[in-house]
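> Before anything else, here's the structure in question.
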């Protein structure tokens, strides 16, 4: 787990940061691209999205995503592209699939169960 | 020498904790009190002594102590030498033990004259928990371990952690976590109790209140300080990142919130006792689980500075022991605490029940999100991330009904209320909400669904408090002779805390929905407009701090009328000792907004990357948290009355 | 980890031919090593890469990550060239295709063009042994 920490030092010791030059001219496309970069994990950082990160890999990915947005690829395709290369770990919002089923469904089951308990209480209270 | 004394003191603390545990197992009343007096005081004194010894070792930079060598440096300012004591794993365990001993002492001091078997049982559990942490410290995390040869200087520590908010953040959190240990001990002691008489048991629940309030109140402010630190130090204008370590403190807080409210129901209506017992147990278990997640190194993030699997296994075993014991006890013995009557939906106790259930659901969801990647990785080997987008889409919607109920709660009386009557009562609220919401949305000048929901919630909670206050004031006078029960009464503490929540929601909503951001490249002399402000990049200077060098930008901020508002000086620091660099954002705060500037990379030819944020109403988040804290303190004062508790 | 090698084209360092990934990874087990002259740990691992190539006779493809060709040529002249081909990844796109976190990074590709193992960080003595073991394992399959 911590190899991300250790290996960040293998990068160029030159700090990049979000460059205004990276932004796309078309503000609509830029908004889309920005949103995607906010949902992509910086792999060599600690719980940051690539939008927030100054790591070179994050910059490369930001550029790549903007390029793809400009070329007209839909969001889903871009997420898929990144996932194929770096694995699910790169998605900050876990995708809805078999292994993440419980992650997405359980909170709603909790919620329904909670509502059920409340109504049960309410109903039984009327019997007094 | 001092370090040896410190080490010896931990062993003595262990001895006293052991004495307390063993003596609490005995049957002879007089003997136990005598032993426990010595044990509780001895434990307090020696855990304090060992802690002071460690502080001393840090102040004099005694690098023969490995822990000091690892985490301090001679050039560090004195205050950060001291805060470095709990800025690392071993030292923070010592603080944890000290806080345990303090709470242990108070349990003994406040209640040793009342209900004997109950207090003895509480002290027994408290001693057991303390023993667990003492053994943990001595076996895996002794802060007084020596090294030889003695190094010339220390390894410093992360400059990002050299910060006043972060210096007091851990002690506040520990009061919270450890405070729940007292709740845990009381809960187990109540479950162990043989007394079947309801009245006597209710008094025991009252003993728990000041401790629970202390824990929850300090946890609240501790989390707030962590957030403030993240806000200005991490340089992204955000204050909550759903980092696993943040979650670790958020989960006990959620259950603590449910616990605080359930205790009110126990006091006023003698109901929800079972809930209190369970929530008290779970709050503490989650505090320890949080420690496990952070300290075992199983998660990696800014805070997770400990990486040693043996620690993780120890804590896990400890959790397993106290968890199995307390929960088994709960399932076996809690039946007699069941409510004789079911709670109605539309009543104050009903709103507390709904709050409990939602807090548990939110807590369970946060827990799921935090541990899910670990589960997936250990079963399939795949790594997944559960980040901010998940929590925002799951937790936020589930929280909304809780906040709606929270608004209406104060309007309800303790007994059943008619729905049409409630609607009629709420009519002025609806008008208030409508006007207030329109006003805020008009001010921000743009529509956003989340913004709208947030503002409505804020207005809803606020309006209910205002109108309840008004009706309380006029009704109490005219209806004094009539049944008081029907008048919804609210206490000052609740009023303040709930206003705090309303303001917190306002700040959270406005700053996340209506934040404005500019990221541009600027040369000195250039300027940029952000939301009616003109920001001029005046100059860039090199400065030298106590243990760092920095590039400091000078930015002048003018308002619409070209009047100078403020000068902002964001910095890029380099700490030559560890070759770390940090960005220090510069922030100008007023009641309406924060202006937040971060200095980025670049050079004089191309200019520098500058990030400017216009964050509306951020200060209300901190004011809100402060009000919740104050509400807690007031409630603590009102509830602390040992003479009333004597049986 | 079993994944098909990504398809890409690239310029080569020592001649003007284009490297086409489709034509490679077909016959032999190949070690793919991402490196750069600006990367300190790459220099540290270089002796092991050389040993893998010269002593163990493994085919090693070098992918020069975000670097300057002239510097790379000098670097290889100084330290020795263990690579059967060196290709250039100026923009880091090939790195992204391979899912590279940071360099150095080394992949074992089997004779059917599937990535079997990935090693993040410099090749150390321990990793050297691991790599040779894994390659033997693949050969015997």
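The values are calculated or read from the model by the stated rules, or taken from the named source; none is laboratory data. Since this is a predicted model, take the numbers as computed values, not measurements. When we count neighbours, we look across all protein chains shown, and the Cβ atoms used for this are built from the backbone with ideal geometry, even at glycine.
> Does the range A:70-79 contain any residue that is part of a helix (DSSP H, G or I), within 15 Å of the chain's Cα centre (by Cα) and under 20 Å from residue B:241 (Cβ atoms)?
Looking through the range A:70-79, none of the residues is part of a helix (DSSP H, G or I), within 15 Å of the chain's Cα centre (by Cα) and under 20 Å from residue B:241 (Cβ atoms).
> Among the candidates A:21, A:30, A:52, which residue alone is modelled with pLDDT under 90, surrounded by fewer than 17 Cβ atoms within 10 Å (Cβ to Cβ), within 13 Å of chain B (Cβ to nearest Cβ) and over 29 Å from residue C:4 (Cα atoms)?
Within the list A:21, A:30, A:52, the selection yields A:21.
> Look at residue B:52 and say whether it is under 16 Å from residue B:138 (Cα atoms) and either at pLDDT 90 or above or in contact with a helix residue (DSSP H, G or I) (Cβ under 9 Å, 6 or more places away or on another chain) (or both). Steps first, answer last, please.
Working: under 16 Å from residue B:138 (Cα atoms): no; either at pLDDT 90 or above or in contact with a helix residue (DSSP H, G or I) (Cβ under 9 Å, 6 or more places away or on another chain) (or both): yes.
So residue B:52 fails the test.
> A follow-up question, please. Which residue pairs have Cβ atoms closer than 6 Å, lie 6 or more positions apart in sequence or on different chains, and pair a first residue in the range C:78-101 that is within 11 Å of chain A (Cβ to nearest Cβ) and in contact (Cβ under 8 Å) with a residue 60 or more places away in the chain with a second residue that is in a helix (DSSP H, G or I) and crowded, with 19+ Cβ neighbours inside 10 Å?
Taking only residues 6 or more apart or on different chains, the pairs are C:89/C:95.
> Do we have any residue at all in the range A:101-108 that's in contact with a helix residue (DSSP H, G or I) (Cβ under 9 Å, 6 or more places away or on another chain) and either surrounded by fewer than 14 Cβ atoms within 10 Å (Cβ to Cβ) or at pLDDT below 90 (or both)?
Within the range A:101-108 (the criterion being in contact with a helix residue (DSSP H, G or I) (Cβ under 9 Å, 6 or more places away or on another chain) and either surrounded by fewer than 14 Cβ atoms within 10 Å (Cβ to Cβ) or at pLDDT below 90 (or both)), the answer is no, since none of the residues qualifies.
> Spot the failing condition for residue C:26; the list is (1) under 14 Å from the mean Cα position of the chain (by Cα); (2) more than 14 Å from chain A (Cβ to nearest Cβ); (3) not in a helix (DSSP H, G or I), and only one is missed.
Result: residue C:26 fails condition (1) only.
> Something else about it: For residue C:46, all conditions in the list (1) closer than 19 Å to residue C:134 by Cβ; (2) without any contact (Cβ under 8 Å) to a residue 60 or more places away in the chain; (3) part of a helix (DSSP H, G or I) hold save one; what is the number of the exception?
Checking residue C:46 against (1) closer than 19 Å to residue C:134 by Cβ; (2) without any contact (Cβ under 8 Å) to a residue 60 or more places away in the chain; (3) part of a helix (DSSP H, G or I), the one that fails is (1).
> Give B:352, B:319 a once-over and let me know the one that is in contact with a helix residue (DSSP H, G or I) (Cβ under 7 Å, 6 or more places away or on another chain), part of a helix (DSSP H, G or I) and in contact (Cβ under 8 Å) with a residue 60 or more places away in the chain.
B:352
> Give the residues of the range A:53-64 that are touching a helix residue (DSSP H, G or I) at 6+ places or on another chain (Cβ under 9 Å) and touching a residue at least 12 places away in the same chain (Cβ under 8 Å), sorted by residue number. Show your work before the answer.
At the first step, the residues of the range A:53-64 found to be touching a helix residue (DSSP H, G or I) at 6+ places or on another chain (Cβ under 9 Å) are A:53, A:55, A:57-64.
Within the range A:53-64, A:55, A:57, A:58, A:59, A:61, A:62, A:63 qualify.
> Restricting attention to the range A:87-105, and to residues there that are part of a loop (DSSP other than H, G, I, E, B) and without any contact (Cβ under 8 Å) to a residue 12 or more places away in the chain, which single residue is nearest to the chain's Cα centre (by Cα)? If you could, list the steps in order and put the result at the bottom.
Of all residues in the range A:87-105, those part of a loop (DSSP other than H, G, I, E, B) come to A:87, A:92-100.
Now narrow it down to the ones that are without any contact (Cβ under 8 Å) to a residue 12 or more places away in the chain: A:87, A:94, A:96-100.
Values: A:87: 12, A:94: 7, A:96: 13, A:97: 15, A:98: 18, A:99: 17, A:100: 14 Å.
Step by step, filter the range A:87-105, then rank; the result is A:94.
> Determine whether residue C:63 is within 27 Å of residue C:18 (Cα to Cα), within 14 Å of chain A (Cβ to nearest Cβ) and at pLDDT 90 or above.
no
> Checking the structure you have, find out if any residue of the range B:70-77 is over 30 Å from residue B:124 (Cα atoms) and not in a loop (DSSP other than H, G, I, E, B).
yes
> May I pose another question? Spot the failing condition for residue A:84; the list is (1) more than 10 Å from chain B (Cβ to nearest Cβ); (2) not in a helix (DSSP H, G or I), and only one is missed.
Going through the list (1) more than 10 Å from chain B (Cβ to nearest Cβ); (2) not in a helix (DSSP H, G or I), residue A:84 breaks only (2).
> Of B:329, B:282, B:299, which residue is in contact with a helix residue (DSSP H, G or I) (Cβ under 6 Å, 6 or more places away or on another chain), assigned to a loop (DSSP other than H, G, I, E, B) and either modelled with pLDDT of 85 or more or not assigned by TED's automatic domain parsing to the domain that holds residue B:464 (or both)?
Exactly one residue qualifies, and that residue is B:299.
> Another question about this same structure. So, residue A:120, is that one facing another protein chain (nearest Cβ under 9 Å), surrounded by fewer than 19 Cβ atoms within 10 Å (Cβ to Cβ) and at negative phi or not?
In short, yes.
> Go through the range A:33-49 and count every residue that is facing another protein chain (nearest Cβ under 10 Å) and farther than 27 Å from residue B:246 by Cα.
0
> Regarding residue B:350, is this residue within 10 Å of chain A (Cβ to nearest Cβ) and at pLDDT 90 or above?
no
> Okay, next question. Regarding residue B:324, is this residue at pLDDT 90 or above, part of a helix (DSSP H, G or I) and not assigned by TED's automatic domain parsing to the domain that holds residue B:188?
no
> Got a number for residues in the range B:73-89 being without any contact (Cβ under 8 Å) to a residue 24 or more places away in the chain and either under 16 Å from residue B:63 (Cβ atoms) or crowded, with 23+ Cβ neighbours inside 10 Å (or both)?
1
The rows are residues; the columns are (1) surrounded by fewer than 24 Cβ atoms within 10 Å (Cβ to Cβ); (2) assigned by TED's automatic domain parsing to the domain that holds residue B:75.
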residue	(1), (2)
B:148	yes, yes
B:172	yes, no
B:177	no, no
B:184	no, no
B:187	no, no
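> Taking the conditions exactly as written (over 26 Å from residue B:215 (Cα atoms), buried (at least 24 other Cβ atoms within 10 Å of the Cβ) and touching a strand residue (DSSP E or B) at 6+ places or on another chain (Cβ under 7 Å)), does residue B:66 satisfy them or not?
no
> Exactly one of these conditions fails for residue B:187: (1) out of contact with any strand residue (DSSP E or B) (no Cβ under 7 Å at 6 or more places or on another chain); (2) at pLDDT below 95. Give me its number.
For residue B:187, the exception is condition (2).
> Could you identify the single residue in C:11, C:72 that is in a helix (DSSP H, G or I), surrounded by 14 or more Cβ atoms within 10 Å (Cβ to Cβ) and more than 14 Å from the chain's Cα centre (by Cα)? Break it down stepwise before answering.
Working: C:11 fails: in a helix (DSSP H, G or I).
Checking each option against the conditions leaves just C:72.
> How many residues, within the range B:383-413, are within 13 Å of chain A (Cβ to nearest Cβ) and either part of a helix (DSSP H, G or I) or farther than 21 Å from residue B:246 by Cα (or both)?
Looking only at that region, the number is 16.
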